[in-house]
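Take a look at the structure set out below.
The values are calculated or read from the model by the stated rules, or taken from the named source; none is laboratory data. In this text the structure is predicted, and so the values were computed from the model without any measurement. Neighbour counts run over all protein chains shown; Cβ positions are idealised from the backbone, glycine included. Surface accessibility is based on the protein's heavy atoms, side chains included, excluding ligands, DNA and RNA. Shrake-Rupley method; radii C 1.70, N 1.55, O 1.52, S 1.80 Å.
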Amino acid sequence: MEVDILTIFPGMFPGVMSESILGRAQSKGILTVRVHDIRDFALGKHRIVDDYPFGGGPGMVMKPEPIAAAIEHALLCRESDAGGESRVLLTTPAGRPFTQGLAREYAACEHLVILCGHYEGIDERVGTLVTDEVSVGDYVLTGGEIPAMVIVDATARLLPGALGDEASAAEDSFWEGLLDYPHYTRPRQWRSLEVPDVLISGDHERIRRWRREQSLERTRRRRPDLLEHAELTEEDLKTLRNLAP
Ligand code: SAM
């Protein structure tokens, strides 16, 4: 997968992009990340990327011309000629909520261009060049850089070969619409707290059932909204019916 990120703060990316799974995915050639400075596409000596809002009001608005030029350049950077359109993502609190489902959708794409806004946001007319408007949550961040990192991280770890253990993404929260079960490691006893016996039983079927029950219980308690769309089996429905109210 290729990702082109358009930002006025390119210096925010190297650390996040070069460490851990994102760094490894790039070394393995599974992921290519290019970061572009939108200012390089601005005209004039001062390379201005923002201006006052028409109609007045506080703050500044990002100008359309440098952003359009940056998007058009990023589209030309694509190396892969495998099928599928390039997706141009605008990060905005007004966008479609970013979920595990959307990360899976993006992981199947060959090329993403991610646009990081600042100030009051980006001139609305740039929307004509965008395929997706994406929000990472119901709060307002200073800029689109952290949302872009969130989108790349959640997406890239789903690429085949990115994780050490292929099965681990499928065990994570949200994969089947449920929260993850609790995890334990050594020591068996820590500050008078014991690891649940079932995990030491060696009985794989009991462990599987216990974990599934914990997932269901946690999801019902913390995020009951998720249960409405979760992929539930007959056994799950029975477990839910038998859980204490
Ligand atoms: N005036 C905008 C509003 O109220 O929706 C907020 C602009 S915010 C200060 C600047 C930029 O940060 C946005 O253009 C967007 O790129 C990014 N941003 C902030 N919060 C975000 C969120 N929850 N999801 C995605 N992008 C966000």
- Task: Provide a single number: the residues in the range 133-144 that are buried (at least 16 other Cβ atoms within 10 Å of the Cβ), among the β-branched types (Val, Ile, Thr) and outside any strand (DSSP E or B).
- Result: 1
- Flag if GLU72 is within 21 Å of ARG157 (Cα to Cα) and not in a strand (DSSP E or B): no
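Going by the structure shown, is ASP132 assigned by TED's automatic domain parsing to the domain that holds PRO10, free of Cβ contacts under 8 Å to residues at least 60 places away in the same chain and under 27 Å from GLU19 (Cβ atoms)? Even if it seems obvious, please write down each step before you answer.
Numbers: assigned by TED's automatic domain parsing to the domain that holds PRO10: yes; free of Cβ contacts under 8 Å to residues at least 60 places away in the same chain: yes; under 27 Å from GLU19 (Cβ atoms): yes.
Judged against the criteria, ASP132 is a match.
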- Task: For ASP172, work out the one condition from (1) at pLDDT 95 or above; (2) surrounded by 13 or more Cβ atoms within 10 Å (Cβ to Cβ) it doesn't fulfil.
- Result: (1)
- Are any residues in the range 58-117 more than 16 Å from the ligand (Cβ to nearest atom), charged (D, E, K, R) and in contact with a Leu (Cβ under 9 Å, 6 or more places away or on another chain), and if so, which ones? GLU65, GLU72, ARG104
- Message: Residues that are closer than 30 Å to ALA25 by Cα: list the helices (runs of 4 or more DSSP H) wholly contained in the range 165-245 that include at least 2 such residues.
- Response: 168-171, 204-222
- From the list ALA170, ALA154, which one is under 18 Å from the mean Cα position of the chain (by Cα), within 16 Å of the ligand (Cβ to nearest atom) and within 30 Å of ALA230 (Cα to Cα)? ALA154
- Which residues, counting only those in the range 86-132, are outside any loop (DSSP other than H, G, I, E, B), within 17 Å of ALA74 (Cα to Cα) and open to solvent by 10 Å² or more (accessible area, probe 1.4 Å)? ARG87, LEU90, THR91, GLY127, THR128, LEU129, ASP132
